[in-house]
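The block underneath contains the structure these notes are about, expressed in structure tokens.
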Amino acid sequence: MIGLNAGTRQEPKEHVGGGAEGHCHARVVTPGRSAFRAGAWCIPTRAPRASIRYLIPMDDAPPPGPGLRRSHLRPGHPDFLDLPWALQLEEWDGRCPRLEDLPAGLSRHAVRFVNYGGALYALKELGPGEAAKEYALLRAMAERRVPAVSAVGHIDVRSVDEQGGARDTSVLVTRYLDHSLPYHSLFLRSDLHRYRAHLVDALASLLVQLHLSGVYWGDCSLFNTLFVRDAGALQAFLVDAETAVLYDAIEDVTREQDLFVLEENLAGALADLQALTQRPAPSAEALCHDVRRRYGELWALASRPEMFRRDERYRIDERVRQLNRAGFSVGELSIEPVDGGELLRLRVLVTDRNFHRDLLHTLTGLEVLEAQARQMVNEIHQVRAALSRQRARSVSLSAAAHAWLMERFEPAVARLAKRCSGEAPAELYCRLLEHKWLMSEAARRDVGHQAALADLLTRMAA
Ligand SMILES: Nc1ncnc2c1ncn2[C@@H]1O[C@H](COP(=O)(O)OP(=O)(O)O)[C@@H](O)[C@H]1O
Ligand SMILES: [Mg+2]
């Protein structure tokens, strides 16, 4: 396998063969180096960023037979050369040992999942040139830090169709979103009514985050959303970016259009769910109403300007804290005097909804979802207060976070994961926090971390 890591100074490695087909003569080149040769189908039109490696065929002419024709991949991932590219994705069963059977939502295009040493990737087969476009959109969304699947690259392919003719396609490669579920798998076993409030929150929050970042989705639906359990609630991720448009700032009419599309699509998805589960699904009308209301609340919270008097400047801090509590990170504040200078108007630029996630990551290096992080940061604050009392001096948040990580999080997750390996470690830990809270409420006192852990482990074993 060819390593595609950024910054390596090795000579380009030659690679022959695209797995079973054995026709793909390719090598890795660093743009700008001598091996990078002109050719109708192998040069990028402008110099790409240094971190990107292009995999180009060695000959100037495209390879004669079917197979991989060009790949464009971010570093740190496999080269995917061993996949049976001469076949259409739908034909891979029994021909590709890396295939994984995982739940997927309904889609127009063929989607397959492959496993490279435990790292899972999703491959989506699109028309020529389309994967590059969706890749670019997903990369731009990642820069704007919206919750979406992570793009790895795109691959141009010539495969053989049913009649034996050549068929040009492009394949979008994304990292499989760990612990994610398409909506129908999530609600197949559990009662949608129980999750209804979480579903509403997750969808509204995703749309607000996209719109705050200037992204118009254009195809917001349950089919194009993946859900991940986030501290007992749900976080929604965009999975299909095909129709998205990116703006510097989104206009109200464009936001409205996205909400309209969602409403149109929700009805179809709920009917589909009802047919699948044979259980009554919630009313689409009521669900749309609730998503719109929740969206409106969150949008207003994140974007409304605030007016205050000159002697009320504490309200700037208050507004930032209020946004942070709701998970919004604040990038910039702008204050302008109005009404002859008597009043000040505060506008806040919200950058994303990752406030606690970023804070926890800075403090501990852990990568978790926002609601999980909020619960953990709250616990770190409690640990800090307890340590400060014990030591009779103020303990820094970083020191408390370190103690929390070593004495609580890591040992607890190691024990819980032995009983329940399928769940994300952060979600397991949040289950423990929830369990402790329930036990403490029943006992009307703080039962403590160890007692809650012991009890939860006993229950999991039962
Ligand atoms: N990176 C990914 N992680 C997990 N599931 C994915 C990923 N990419 C695609 N899927 C699954 O494949 C389904 C179809 O993908 P989508 O991009 O919506 O295809 P289409 O453009 O054909 O509608 C999604 O609903 C999801 O279940
Ligand atoms: Mg889709």
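The values are calculated or read from the model by the stated rules, or taken from the named source; none is laboratory data. All of these numbers come straight from a predicted model, not from anything done at the bench. Cβ coordinates were reconstructed from backbone atoms using ideal geometry, including for glycine residues, and neighbour counts include every protein chain displayed.
What to note about this one:
- When segment 77-104 is filtered for residues that are surrounded by fewer than 16 Cβ atoms within 10 Å (Cβ to Cβ) and either more than 22 Å from the chain's Cα centre (by Cα) or of a type in the set (D, E) (or both), the ones remaining, listed by number, are E90, D93, G94, R95, P97, E100, D101.
- Some residue of segment 191-208 being touching a helix residue (DSSP H, G or I) at 6+ places or on another chain (Cβ under 8 Å), within 15 Å of ligand 2 (Cβ to nearest atom) and over 24 Å from G331 (Cα atoms): no
- Some residue of segment 266-281 being crowded, with 18+ Cβ neighbours inside 10 Å and closer than 30 Å to L323 by Cα: yes
- Pick from segment 246-265, criterion of a type outside the set (S, T, N, Q) and within 16 Å of ligand 2 (Cβ to nearest atom), ranking: surrounded by the most Cβ atoms within 10 Å (Cβ to Cβ): L262
- Test: R69 is of a type outside the set (D, E) and on the phi > 0 side of the Ramachandran plot: no
- Some residue of segment 373-382 being under 17 Å from the mean Cα position of the chain (by Cα), modelled with pLDDT of 95 or more and within 27 Å of H435 (Cβ to Cβ): yes
- Listing of helices (runs of 4 or more DSSP H) fully contained in segment 354-448 that carry 3 or more residues being of a type in the set (S, T, N, Q): 370-391
- Condition met for G327 (on the phi > 0 side of the Ramachandran plot and assigned to a loop (DSSP other than H, G, I, E, B)): yes
- Within segment 86-115, being part of a strand (DSSP E or B), within 11 Å of ligand 1 (Cβ to nearest atom) and under 22 Å from R70 (Cβ atoms) holds for V111, R112.
- Annotation: of all residues in segment 238-253 being touching a Leu at 6+ places or on another chain (Cβ under 9 Å) and within 18 Å of S180 (Cβ to Cβ), the one that is nearest to ligand 1 (Cβ to nearest atom) is V239.
- When residues of segment 193-222 are limited to those that are among the aromatic types (F, W, Y) and surrounded by fewer than 24 Cβ atoms within 10 Å (Cβ to Cβ), the one nearest to F237 (Cα to Cα): Y216
So that you can scan it fast, the table gives a plain yes or no per residue for (1) within 15 Å of ligand 2 (Cβ to nearest atom); (2) among the aromatic types (F, W, Y); (3) modelled with pLDDT under 95:
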| position | (1), (2), (3) |
| --- | --- |
| C96 | no, no, no |
| L99 | no, no, no |
| P103 | yes, no, yes |
| L106 | yes, no, yes |
| A110 | yes, no, no |
| N115 | no, no, no |
| Y121 | no, yes, no |
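- Tally of residues being within 15 Å of the chain's Cα centre (by Cα) and away from ligand 2 (no atom under 11 Å from the Cβ) across segment 218-244: 8
- Selection status of G268, in contact with a helix residue (DSSP H, G or I) (Cβ under 8 Å, 6 or more places away or on another chain) and within 16 Å of ligand 2 (Cβ to nearest atom): no
- Close Cβ contacts (under 9 Å, 6 or more residues apart or on different chains) running from residues in segment 200-224 that are not assigned by TED's automatic domain parsing to the domain that holds R145 and within 16 Å of ligand 1 (Cβ to nearest atom) to residues that are of a type in the set (K, R) and in a helix (DSSP H, G or I) comprise L203/R294.
- Residues satisfying the stated conditions in segment 348-404, i.e. hydroxyl-bearing (S, T, Y) and surrounded by fewer than 20 Cβ atoms within 10 Å (Cβ to Cβ): T351, T362, S388, S394, S396, S398
- Residue match in segment 330-345 (condition: closer than 30 Å to F409 by Cβ and buried (at least 19 other Cβ atoms within 10 Å of the Cβ)): no
- Test result for H154, farther than 16 Å from E370 by Cα, in contact with a Phe, Trp or Tyr (Cβ under 9 Å, 6 or more places away or on another chain) and either modelled with pLDDT under 95 or more than 12 Å from ligand 1 (Cβ to nearest atom) (or both): yes
- Considering R145, R139, the condition of being under 18 Å from the mean Cα position of the chain (by Cα), more than 16 Å from ligand 2 (Cβ to nearest atom), part of a loop (DSSP other than H, G, I, E, B) and more than 22 Å from L102 (Cβ to Cβ) is satisfied by R145 alone.
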